[in-house]
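Report on one structure; see the data block that follows.
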Amino acid sequence: MSPAVPPSAASPALPQSADGVLKLAAQSMFDLFAQTAMGMLVVNRDHQIVWISEGYKRFLPALGVHSEADFVGRRVEEVIPNTLLNQVIETGRPIMVDLLTNKAGTFLVSRLPLRDDAGQVIGAVGLVLMDHPESTMQPLMVKFSRLQRELEDAQRQLAAQRRPKYTIASFIGASPAALEVKRQARRVAGTDSTVLLLGDTGTGKELLAHAIHAASARAARAFVTVNIAAVPETLLEAEFFGVAPGAYTGADRKGREGKFKLADHGTLFLDEIGDMPLPLQAKLLRVLQEQEVEPLGSNRVERVDVRVIAATSRDLVGMVGQGLFRADLYYRLHVLPIRLPRLADRLADLEPLADALLDDIARRSGLPHKSLTSDAMELLAQHGWPGNIRELRNVLEQAALMTDDLVLAARHLALQPSGVASAPAPAEVAAEAQTIRPLPQAVAELELRAIRDALVATGGNKVAAAKLLGISRATLYEKLGAADTGAP
Ligand SMILES: Nc1ncnc2c1ncn2[C@@H]1O[C@H](COP(=O)(O)OP(=O)(O)OP(=O)(O)O)[C@@H](O)[C@H]1O
Ligand SMILES: [Mg+2]
């Protein structure tokens, strides 16, 4: 039903009764509103009130009017402060929902123009839908403001997660090698070029990538990481470039944004770039050159504005020589290389590093800050550190969790013989043969390592660690006691 079109004129073919039904509908709706609304009034073209509903009478005293006779016949703007019914008559436009506040209170109101068959405005009808909406609508308002608050919280959390974890100052070290790294990091942070971070495992490449982003003009935008070694080869392309809606059936039907798109205007960190499969290397090169991505299953390219930081501990030059890494991609990435020094090459930083790491360990575990005795420092300085700062962190973390002492001595430090600290490369297997030792000793060491892992996993909670290990708490304490007094 469309009351805007006079039914008799628009549908001459309609039987006479249809016109009658419409008139009846209009009448009964009018009656229904008059009964169910808190109040209703009709005003003529001259703004004079011509009729009020029974319900409306309750508002008269608050408007300073004593009887219906004193109200009907008056101009609406004279008796209802702040009314907009006069405006509805002049413009012919309804005001479906509004809050009206005057000396009688605050009301939820609706105002509709009335027209004759020719479409001329002949007056207006005003409805009071609700009084005291501030209390009646309170549950709605409360719900609205709660949702609003939750949305703001979520947005803040998201922003905090995207905020870089580290700054250049978090790269600890004052040795010439460390200072040089920081100088280079500051310099590349000021540019938009691709950065390549090279260095052995655990030298701080990921930390530095965060720090460069934080010091760059893109700091307020996203920092997105792809660990290429951790993503199955078959999924990498979709991970990078995204999937167009409808490209696949099933879970991906809706499509998915790629990491390049997610990093738009921000920084994309390509960790373990040396593990990039050859076929994808060509596609990556194209994106780096064109700054355009094509989601899988779409034939549209999307422009992106992404600064790339890549990192690897692998020998990219050697890989290029063996045909495992594309030379053109290598040169494209190698615009601004930063080589991170091995810990063994900056042992002057050992003490400040250990101090900063112990600080961080205390903060994360909730345990008190622990320090190192001088014999512990000496022992650390003699170690080869094949696992670099990550290895140092692990050693300190395990020692801090193993004992309640506030000072860590040499005997608390479980240093692995250099050469087998991380997963042994084939060349290192021979070295491992030299570390064969009597079975009881090997078993004891293995036990100790399992206990340390369990303690690390449970944040130092011995009861939980015993449970994880499937031994009693007493047995754990017994073994820990042996470790605490045993020789290093
Ligand atoms: N200069 C530094 N100052 C403080 N902490 C550092 C520093 N370098 C590294 N670390 C810490 O050492 C650990 C290893 O660092 P990170 O993960 O950045 O190394 P990586 O070079 O990415 O290693 P990998 O090649 O094995 O991935 C982290 O816990 C990091 O916070
Ligand atoms: Mg890393």
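Points to keep in mind about this one:
- The listed residue being under 30 Å from R186 (Cα atoms), within 16 Å of ligand 1 (Cβ to nearest atom) and in contact (Cβ under 8 Å) with a residue 40 or more places away in the chain, out of L262, L268, L329, L284: L268
- Test: residue in segment 78-98 that is surrounded by fewer than 16 Cβ atoms within 10 Å (Cβ to Cβ), part of a strand (DSSP E or B), within 44 Å of the chain's Cα centre (by Cα) and of a type in the set (A, V, I, L, M, F, W, C): yes
- Residue match in segment 247-258 (condition: among the β-branched types (V, I, T) and within 16 Å of ligand 2 (Cβ to nearest atom)): no
- Criterion (within 30 Å of L357 (Cα to Cα), small (G, A, S) and not assigned by TED's automatic domain parsing to the domain that holds R390) met by exactly one of A247, A209, A282: A209
- A25, sole failed condition from (1) part of a helix (DSSP H, G or I); (2) surrounded by 13 or more Cβ atoms within 10 Å (Cβ to Cβ); (3) at pLDDT below 95: (2)
- Any hit, segment 414-421, residues being at pLDDT 90 or above and not acidic (D, E): no
- For segment 164-171, the criterion of being farther than 18 Å from D305 by Cβ, of a type in the set (G, A, S) and touching a Gly at 6+ places or on another chain (Cβ under 6 Å) is met by no residue.
- For segment 203-219, taking the residues that are assigned to a loop (DSSP other than H, G, I, E, B) and hydrophobic (A, V, I, L, M, F, W, C), the one that is surrounded by the fewest Cβ atoms within 10 Å (Cβ to Cβ) is identified as A217.
- Residue under evaluation L350, criteria (1) in contact (Cβ under 8 Å) with a residue 60 or more places away in the chain; (2) in a helix (DSSP H, G or I), criterion not met: (1)
- Consider segment 354-367 and keep the residues that are modelled with pLDDT of 90 or more and surrounded by fewer than 18 Cβ atoms within 10 Å (Cβ to Cβ). The one that is farthest from ligand 1 (Cβ to nearest atom) is A362.
- Filtering segment 294-311 to residues that are out of contact with any Lys or Arg (no Cβ under 8 Å at 6 or more places or on another chain) and either within 16 Å of ligand 2 (Cβ to nearest atom) or at positive phi (or both) leaves G297, V308, I309, A310.
- Counted residues, segment 149-164 - those being surrounded by fewer than 14 Cβ atoms within 10 Å (Cβ to Cβ) and either within 15 Å of L353 (Cβ to Cβ) or within 14 Å of ligand 1 (Cβ to nearest atom) (or both): 0
- Within segment 49-66, the set of residues being surrounded by 12 or more Cβ atoms within 10 Å (Cβ to Cβ) and either of a type in the set (D, E, K, R) or in a helix (DSSP H, G or I) (or both) comprises G55, Y56, K57, R58, F59, A62, L63.
- Qualifying residue in segment 213-221 (condition: small (G, A, S), within 13 Å of ligand 2 (Cβ to nearest atom), out of contact with any helix residue (DSSP H, G or I) (no Cβ under 8 Å at 6 or more places or on another chain) and closer than 18 Å to A160 by Cα): no
- Residue identified as away from ligand 2 (no atom under 16 Å from the Cβ), among the β-branched types (V, I, T) and farther than 14 Å from M276 by Cα among V224, V243: V243
- Residue in segment 392-404 that is aliphatic (A, V, I, L, M), at pLDDT below 80 and within 29 Å of D359 (Cβ to Cβ) present: no
The values are calculated or read from the model by the stated rules, or taken from the named source; none is laboratory data. For clarity, every value in this text was computed on a predicted model and none was experimentally measured. Cβ sites come from the backbone with ideal geometry, for glycine too, and all protein chains shown count toward neighbours.
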